[in-house]
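Student: Below is the structure I would like to discuss, written out as structure tokens.
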Amino acid sequence: SEGLSKCIEHPHKLVGVDIQAGQVLSFAGDATTPCAFAEVRGISNIDLEHNTRFSAFLAEQLERHFGVPKDRYYVHFQRAAKEDVGVRGRTFANLDAPAPRSKL
């Protein structure tokens, strides 16, 4: 996650990574050669410059650590609105406001 945080210029403490190795995936009709699908979601820095930088970083990491050739992965970048991402009992849009009490 440290490499990802550098690529997208986000604090490391706000970056999470989920790796699900050992699954059977099919890519271009081939389920025997290693392949990968990745998703990157963020509230900022999801743009051509950062996406390109991260895609290159990901290709290198996938090949080095998992044997995934550079032509056998897709990465999907998705920008989220600050009000659509929760953290610490708030959203990124209202982090400075006091956390509301749950009514459940």
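Student: Can you tell me which residues in the stretch 35-51 are touching a Lys or Arg at 6+ places or on another chain (Cβ under 7 Å) and within 14 Å of residue 15 (Cβ to Cβ)?
Tutor: 42, 43, 46
Student: Which residue out of 84, 71 is surrounded by 11 or more Cβ atoms within 10 Å (Cβ to Cβ) and either on the phi < 0 side of the Ramachandran plot or hydroxyl-bearing (Ser, Thr, Tyr) (or both)?
Tutor: Being surrounded by 11 or more Cβ atoms within 10 Å (Cβ to Cβ) and either on the phi < 0 side of the Ramachandran plot or hydroxyl-bearing (Ser, Thr, Tyr) (or both) holds for just one of 84, 71, which is 84.
Student: Okay, next question. If residue 49 satisfies all but one of (1) within 29 Å of residue 26 (Cβ to Cβ); (2) assigned to a helix (DSSP H, G or I); (3) out of contact with any helix residue (DSSP H, G or I) (no Cβ under 9 Å at 6 or more places or on another chain), what's the number of the condition it fails?
Tutor: Result: residue 49 passes all but (1).
Student: Working carefully through the options 27, 57, find the one that is modelled with pLDDT of 90 or more, hydrophobic (A, V, I, L, M, F, W, C) and either closer than 12 Å to residue 77 by Cα or in contact with a helix residue (DSSP H, G or I) (Cβ under 9 Å, 6 or more places away or on another chain) (or both).
Tutor: Just a single option satisfies the conditions, and that option is 57.
Student: Of all residues in the stretch 52-80, which are within 18 Å of residue 14 (Cβ to Cβ) and part of a loop (DSSP other than H, G, I, E, B)?
Tutor: Kept after step one, since they are within 18 Å of residue 14 (Cβ to Cβ), are these residues of the stretch 52-80: 53-54, 57, 77-80.
The one that is within 18 Å of residue 14 (Cβ to Cβ) and part of a loop (DSSP other than H, G, I, E, B): 80.
Student: If you go through the stretch 1-46, how many residues are part of a loop (DSSP other than H, G, I, E, B), surrounded by fewer than 11 Cβ atoms within 10 Å (Cβ to Cβ) and acidic (Asp, Glu)?
Tutor: Counting residues in the stretch 1-46 that are part of a loop (DSSP other than H, G, I, E, B), surrounded by fewer than 11 Cβ atoms within 10 Å (Cβ to Cβ) and acidic (Asp, Glu) gives 1.
Student: Only one residue in 9, 39 is modelled with pLDDT under 85 and either acidic (Asp, Glu) or closer than 13 Å to residue 73 by Cβ (or both), so which one is that?
Tutor: Details: 39 fails: modelled with pLDDT under 85.
Of 9, 39, the one residue that is modelled with pLDDT under 85 and either acidic (Asp, Glu) or closer than 13 Å to residue 73 by Cβ (or both) is 9.
The values are calculated or read from the model by the stated rules, or taken from the named source; none is laboratory data. Owing to the predicted nature of the structure, the values given are computational and were not obtained by experimental measurement. For neighbour counting, all protein chains shown are included, and Cβ atoms are generated from backbone atoms with ideal geometry for every residue, glycine included.
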